[in-house]
1. Are there any pairs, at least 6 apart or on different chains, whose C-beta atoms fall under 8 Å, with the first in the stretch B:49-72 and more than 7 Å from chain A (Cβ to nearest Cβ) and without any contact (Cβ under 8 Å) to a residue 40 or more places away in the chain and the second crowded, with 19+ Cβ neighbours inside 10 Å and not in a helix (DSSP H, G or I), and if so, which?
2. Quick one: which of A:Ile445, A:Ile404 is buried (at least 22 other Cβ atoms within 10 Å of the Cβ), over 16 Å from A:Gln223 (Cβ atoms) and assigned by TED's automatic domain parsing to the domain that holds A:Leu24?
3. Output the residues belonging to the stretch B:203-225 that are more than 10 Å from chain A (Cβ to nearest Cβ) and touching a residue at least 24 places away in the same chain (Cβ under 8 Å).
4. Check whether at least one residue in the stretch A:342-362 is surrounded by fewer than 24 Cβ atoms within 10 Å (Cβ to Cβ), at pLDDT below 85, over 20 Å from the mean Cα position of the chain (by Cα) and small (Gly, Ala, Ser), and report yes or no.
5. I want to confirm something. Restricting to the stretch A:214-259 and keeping residues that are under 22 Å from the mean Cα position of the chain (by Cα) and over 19 Å from A:Met396 (Cβ atoms), which single residue is modelled with the lowest pLDDT?
6. Please return the ranges of helices (runs of 4 or more DSSP H) entirely within the stretch A:429-503 where 3 or more residues are closer than 22 Å to A:Leu165 by Cα and either at pLDDT 90 or above or away from chain B (no Cβ under 14 Å) (or both).
7. Hey, A:Glu452 hits all of (1) assigned by TED's automatic domain parsing to the domain that holds A:Phe179; (2) surrounded by fewer than 16 Cβ atoms within 10 Å (Cβ to Cβ); (3) farther than 30 Å from B:Phe104 by Cα; (4) not β-branched (Val, Ile, Thr) but one; which does it fall short on?
8. Can you name the residue in the stretch B:40-56 that is of a type in the set (A, V, I, L, M) and surrounded by 13 or more Cβ atoms within 10 Å (Cβ to Cβ) and, of all such residues, is nearest to the chain's Cα centre (by Cα)?
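The values are calculated or read from the model by the stated rules, or taken from the named source; none is laboratory data. Keep in mind that this is a model prediction, so the values were computed, not measured. When we count neighbours, we look across all protein chains shown, and the Cβ atoms used for this are built from the backbone with ideal geometry, even at glycine.
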Amino acid sequence: MMLLERIGTFFTIILQLVSEPITLAILFGSVLLGIIFGAMPGLTSTLGVALLTALTYGMDTATAMVCLLAIYVGGTYGGSYASILINIPGTAAAAATALDGYPLALKGEAGRAIGLTTTASAIGTSISMLFVVSISPIISYFALQFTSFEFFLLAFFGILISGTLTSPDLVIKGWISGFLGLFMACVGRDLLQFYPRFTFGFTQLDSGVEVVPVLIGAFGIPQIIQVLKERFQIGETQKLQRIIPEIGTVIRNVPAIIRSALIGVGIGAVPGIGEDIAGWVSYGTAKNTSKHPETFGKGELQGVLASETANNACVGGAQIPLLNLGIPGSPPAAMLLGALMLHGVTPGPMITFEHPTFITEVAAILLLSSLAMWVTGMLLAKQVVKVLRIPPPIFMPIIGMLCIIGSYSLGLNIFNLYLMLPVGIICYFLTEMGYPIAPLVIGVILGPMADENLRRALMVSQGSFMPVFTRPVSLLLFLVIVWTVISQFQFYKNFKNKLVARLRRKKSVTAVGSNGPPAEE
Amino acid sequence: MLEKDKLRKADIFSGVIFILFGFWIISQALKMPMKDSWGGVQNVWFVSPALFPLLVGAVISTLGILLAGMAVISVGGQEFGRLLRWLASSQLIVFLQTNGVIRFYAMSVLFFGFVYLNLPRIDFFLCSILFLAVFISMFYFDDDRLLKKLFAFYLAGSIVCLGYFALGLSETLEATLPYPNDWLAVVFIVSYLAYAWILIRQVPALRKKYRTSLVLAVVPPFLICPVFKYFLLVPMPTEGLVVAMLDAIWYWDF
């Protein structure tokens, strides 16, 4: 009955959204904007969501979610255009697509490749939507059993795992980045005693660092500086023929699509890990399981299918921890969290009580966004491709101006800009030195949750850490955290190698023993 | 991102910075009430506002030590010594004058000038036009020699503006001329554009880029700002000459 009721609500929401022409216009407009943002090298879906957040301030929550999820879905898909046509990923999420997409374009099959990425992306988003609806109640149920220790450890785990998996250089740098984010979250009056921390007498800092302007600075400013400093040039665009939906290829590859979607959802559900990792893992898996791995990198359709299905499935996957635990699954989801807070929705286990239909609403919007993306991709791809010819020195300054007006408009406070700019410049240097930005952002967002829950938990236990070891979920999280940290060190790797070698030796001795001594001649 | 060998060298410095930063966080946290009374409430260590910053500071400095240590081992003593000698030599000055670094200075000065100097004092439309005109033309011309000249001109103009604001001339002039800061911005924009035109007028390809830059500097503020101002009802950071004119048109207030 519950299930039927939920399905009924799902379709009612879809009907409601579809029946409003303004909502439909916003949906298609945002998807198109997302595709443009994704397609233009240097712009990302995170930046798109960040900039659009400012425009959604005056909208009701449902319309704002349509706007933001649509640009997120469109942006993740749009990255494939530049990957296929100019061999430069429009977004990091589409990096794996370039490996086979561009060779296809060189063979004169760019239209086919874009048709395939459009269909695969739509399927990936739709499958992830199914997971959002079906898994959310289960996670929500378990999350309701969590106490402060679990929430503290969960936040800590989110930052560590994000730092571990997103670091382009040393893992330590990812962790430092996460803890810098936690430090930024400490700024302002603390939530339990209202003691001013690191405010230096600035009353504007009493309420803490505003999340959205900081995120805009962290993602926008470094991007602008990097692109213009390195004189980023867009290469020659390959010719785009008629776009073919490639439904036949999709049907022939259903198992591969399901596998890629599962990888995307799974990676999306891990806190702080974005679509780029989903794309690479899925591509690698497709190559390893293929009967003809040698064709990968030379224009293999399965390669394009794997990365594009996974990166768009990651969009839905990232919503699962975001909505049920308040922990963003990817950098754009972190922006969504900021936007949700602006609209008075606090994601977490209580969301099913405070806003009973919200998760179903998100799922419905995801489905509509994937449909809108497919239609827009099929009809307007040829027009959108023209944006690839715009040189970055023209659009990057305009993005800079949008970052500034967007950050200001969220709190009508110039002080936000005074914070945004130094954060942006520091993030640029961090990026140059191999520090990932995603953990920093996750740290800023999860900091208050970690701080408050740690102290609450210790208050309840009168300063004892024993509940960490007596509560099963806490203990599990603690062990995972310890393992995540230890597994990165050389001594652990040496120990593991020695252990594996010893076990193998033992196994081979046992096998020889069970076969009996070799026969004497 | 830097190349691998340069990254390891940079890690030594970033590691040291993080060690110091971590210690600074700890020192600040130690000033917070630990077991003292705050707001009439006797504190205990586990409810103290210092607890979390102490944890964060300790972890940052520990990770900084690990990072710097690993980098020193990886780079080696000899290479580290060479790096220190390079930092003390004139080669550092040469590096700081390379084209890539000058492009970075140009962008930083543009952003800082826009946010800290112009935005709180000049009409938002005008400071956006100035920002876009300088930013787009500097980089779109794609000529480092021109970029340096245009950057020098913008820097000089910004220093003049800084002096003007610091001396409080704006208040003195306001009695005789409405919106004196905005008129100053108009003069700055016009003189910058005139200077850029003098520099590029001989090259037809750059003349076309100049026109594009001009259009793109003016059109986006007049598309974006009205959306925020009149549709989202977001007041501009500073409203002056142009906003007053637009208000008059929008509300038909002649």
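1. Listed by first residue and then by second, the contacts come to B:Ala50/B:Met32.
2. Details: A:Ile404 fails: over 16 Å from A:Gln223 (Cβ atoms).
Just a single option satisfies the conditions, and that option is A:Ile445.
3. Once the filter is applied, which keeps residues that are more than 10 Å from chain A (Cβ to nearest Cβ) and touching a residue at least 24 places away in the same chain (Cβ under 8 Å), the stretch B:203-225 yields B:Leu206, B:Tyr210, B:Leu214, B:Val218, B:Phe222.
4. Scanning the stretch A:342-362, I find at least one residue that is surrounded by fewer than 24 Cβ atoms within 10 Å (Cβ to Cβ), at pLDDT below 85, over 20 Å from the mean Cα position of the chain (by Cα) and small (Gly, Ala, Ser), so the answer is yes.
5. Only one residue tops the list, namely A:Val214.
6. On the way: elements: A:438-460, A:466-470, A:472-486.
Hits in the stretch A:429-503: A:438-460, A:472-486.
7. A:Glu452 satisfies every listed condition except (2).
8. Let us first name the residues in the stretch B:40-56 that are of a type in the set (A, V, I, L, M), namely B:41, B:44, B:47, B:50-51, B:54-56.
Among the residues that remain, those that are also surrounded by 13 or more Cβ atoms within 10 Å (Cβ to Cβ) are: B:44, B:47, B:50-51, B:54-56.
Details: B:Val44: 42, B:Val47: 38, B:Ala50: 32, B:Leu51: 34, B:Leu54: 31, B:Leu55: 31, B:Val56: 28 Å.
Per the criteria, the residue is B:Val56.
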